[in-house]
1. Which of the residue pairs Lys88/Lys109; Lys10/Lys46; Lys12/Lys276; Lys88/Lys249; Lys98/Lys207 have a Cα-Cα distance greater than 27 Å in the structure shown?
2. If you take every residue apart from Glu275 with its C-beta less than 14 Å away from the C-beta of Glu275, what net charge results, scoring Lys and Arg +1 and Asp and Glu -1?
3. In the chain, what percentage of the DSSP-assigned beta bridges are antiparallel, given to the nearest 5?
4. Show the residues, 5+ positions off or on another chain, whose built amide H is closer than 5 Å to the amide H of Met160.
5. Would you mind computing Rg(Cα) / (2.2 N^0.38 Å) for the chain, counting N as its residues?
6. Give the relative contact order (percent, whole number) for the chain; include only Cα pairs under 8 Å separated by 6+ residues.
7. Taking 8 Å as the Cα distance limit and 6 or more residues as the minimum spacing, I'd like the relative contact order of the range 142-226 as a percentage.
8. Could you tell me the center-to-center distance, by alpha carbons, between the range 121-195 and the range 278-310 in angstrom?
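Values quoted throughout were computed directly from the atomic coordinates according to the rules given, and no laboratory measurement underlies them. No experiment lies behind these values; they were computed from the predicted model shown. Virtual Cβ from ideal backbone geometry, glycine too; neighbours counted across all protein chains shown.
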Amino acid sequence: MARINDSYLKLKAGYLFPEIGRRVTEFTSANPQAKVIRLGIGDVTKPLVPAVIKAFHEAVDDMAKSESFHGYGPEQGYGWLIDTIIEKAYKPLGVTLKSNEMFISDGSKCDCANILDIFAISNVVALGDPVYPVYNDTNVMVGRTGEADKNGYYENIVYMPYTADNNFAPGFPSQKVDLIYLCSPNNPTGTVATREQLQGWVDYAIKNEAIILFDAAYEAFITEDDVPHSIYEIEGAKQCAIEFRSFSKTAGFTGVRCGLVVVPEALTGTTANGEKQNLNRLWNRRQSTKFNGVSYPVQKAAAAVYSDEGWQQVQEVIDYYMENARLIREGLTAAGIDCYGGVNAPYIWLKTPEGMTSWDFFDKLLTECHVVGTPGSGFGPSGEGYFRLSAFGERSNVAAAVERIRAKWGK
Ligand code: MLT
């Protein structure tokens with residue numbers, strides 16, 4: 001009989017967001033009259049902007065004519081999209097990249113998981129706590145960890161607590177690590193790493209010959225000056241960091257699927273006998289074998305994000321979500337609830353009122369206020385007592401949710 005991958009049995013029963021969905025469905029089936037407002041999973045609510053839709057339609061029409069039909073594209077993505085992103089998204093930051101250092105993909109969730117293919121199982125991984133669950137769970141799935149302890153910490157993972165006590169800026173791991181996940185703007189806390197903090201991580205990674213896996217999926221939501229949008233704004237980062245970016249939140253592509261990975265040519269890792277190998281070459285080999293590229297219409301739609309029109313339209317949508325974030329943050333703060341994030345990220349991370357556990361607050365918020373959020377403990381043990389509200393939603397719903405929470409818990 002076929003043996004299973006036993007590591008899957010070490011995982012907690014379900015992925016966080018399906019579990020939330022299950023509880024919400026149970027509640028709405030029993031209470032069909034309830035007007036439930038969903039600020040849980042960070043899923044966009046605004047449609048694709050007109051410039052993107054136009055390019056998408058045109059590309060679909062191209063596929064209908066033999067002279068402009070596209071079959072398999074390059075596994076790494078079309079050169080015209082890569083060069084546009086380098087020119088429009090990286091050059092203004094003072095970052096120069098070569099075309100062969102960027103790989104277009106079907107989204108950051110897959111990339112963050114797939115990148116593990118090119119690293120040995122013996123690597124020690126450090127990640128945040130709380131954290132985007134994909135980083136943790138994919139390391140469990142590949143067999144890098146032991147069992148979880150009673151707090152939910154897996155053996156062989158080094159957890160770095162992100163809490164109000166350390167201002168959401170954990171210190172360096174006390175033991176040697178090989179792979180370090182950093183996410184800024186951070187999911188779930190909505191906080192950001194400063195230039196100095198990122199310089200500290202880059203220096204640390206170079207000194208310890210570690211690789212930083214930098215998730216910048218929310219960089220487009222940064223509103224403050226001098227917060228880095230890319231790890232490559234930091235000196236030395238091309239020697240030690242891989243960056244992930246996504247069109248999901250930036251341009252409303254959660255249902256379209258497009259992202260990218262940057263693997264600089266200078267990045268190396270070692271073989272079992274200590275010989276240096278180029279990581280860009282390994283990732284290229286991995287993608288060429290296991291991936292056939294993102295569809296032509298999707299890449300055309302993604303390129304349209306960077307047209308003058310597209311960029312302005314996308315920016316208006318981002319501003320709309322960030323105004324939601326401001327309303328949530330300021331509304332709840334005025335009600336006496338401690339709130340973090342929401343200035344450079346579409347997430348507000350709050351302290352649960354009355355010292356409730358994250359899941360108790362989730363249930364009360366759902367059943368008494370008909371508002372859905374995400375329990376902080378679902379992102380890791382240090383998230384206990386915290387709660388995440390997403391700013392992706394319609395303004396009237398966001399305002400109503402804030403009002404319901406203030407009416408119930410406001411001081
Ligand atoms: C979240 O809510 O944390 C995100 O939507 C999940 C994701 O991007 O996969």
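1. In this structure, Lys10/Lys46; Lys12/Lys276 lie more than 27 Å apart at Cα.
2. +1
3. 55
4. When sequence neighbours closer than 5 places are left aside, the close amide H contacts are Leu127, Gly128, Asp129.
5. In units of the 2.2 N^0.38 Å rule of thumb, it is 0.99.
6. 24
7. Relative contact order of the range 142-226: 25 percent.
8. 27
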